[in-house]
Amino acid sequence: MASSKAKEWITKEGLIKIGGWARDGLSNDQIAYNIGVAVSTFYVWKLEFPELSEAIKKSKEVVDREVENAMHKSALGYFVEEIKETIEKDELGKDRKRVERNKKWIAPNPTSQIFWLKNRKPKEWRDKQERDLNHGEGINIRVGFEDDEDDSGEEY
């Protein structure tokens, strides 16, 4: 049997509010705090009320996609339209609004590019790369490690 507090939040309006918090990036702990229940109670509610769990899941997916799209756009570069409005006096002394529109190129962000490549193509782009230089000689040589010792403490 649902508590009166749970009934208060498992409404259309309550789920919209909870979904908004999830979309804003709040953790389940923070959402539980906002609702005014213990985190353990919140997790029980998620199991007990599938609509609550679904509202949180959908909302978090939306914000994740928005961030992914923004990072992708940042990595590639994009145009923005800048709009500047000014009030000028015309020849009769009346106020007239003037609108200037300019397209501006936002250059690709190298940090976004690095993040993308390291996560999408880790073998080619991670900081440490390992190469197996064993040519059938029975000797393993590893390249790309920060220290020059193997697990036994012996140097290569």
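The values are calculated or read from the model by the stated rules, or taken from the named source; none is laboratory data. Since we're looking at a predicted model, the values are computed, not measured. Please note: Cβ atoms are built from the backbone with ideal geometry, for glycine as well, and neighbour counts cover all protein chains shown.
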Selection status of Ser112, free of Cβ contacts under 8 Å to residues at least 40 places away in the same chain, within 29 Å of Gly20 (Cβ to Cβ) and of a type in the set (Ser, Thr, Tyr):
no
For segment 76-98, which positions are modelled with pLDDT of 95 or more and among the hydrophobic types (A, V, I, L, M, F, W, C)?
Leu76, Phe79, Val80, Ile83
So which helices (runs of 4 or more DSSP H) are wholly in segment 7-105 and hold at least 1 residues that are over 30 Å from Leu117 (Cα atoms) and touching a Ser or Thr at 6+ places or on another chain (Cβ under 8 Å)?
12-23, 28-35, 39-48
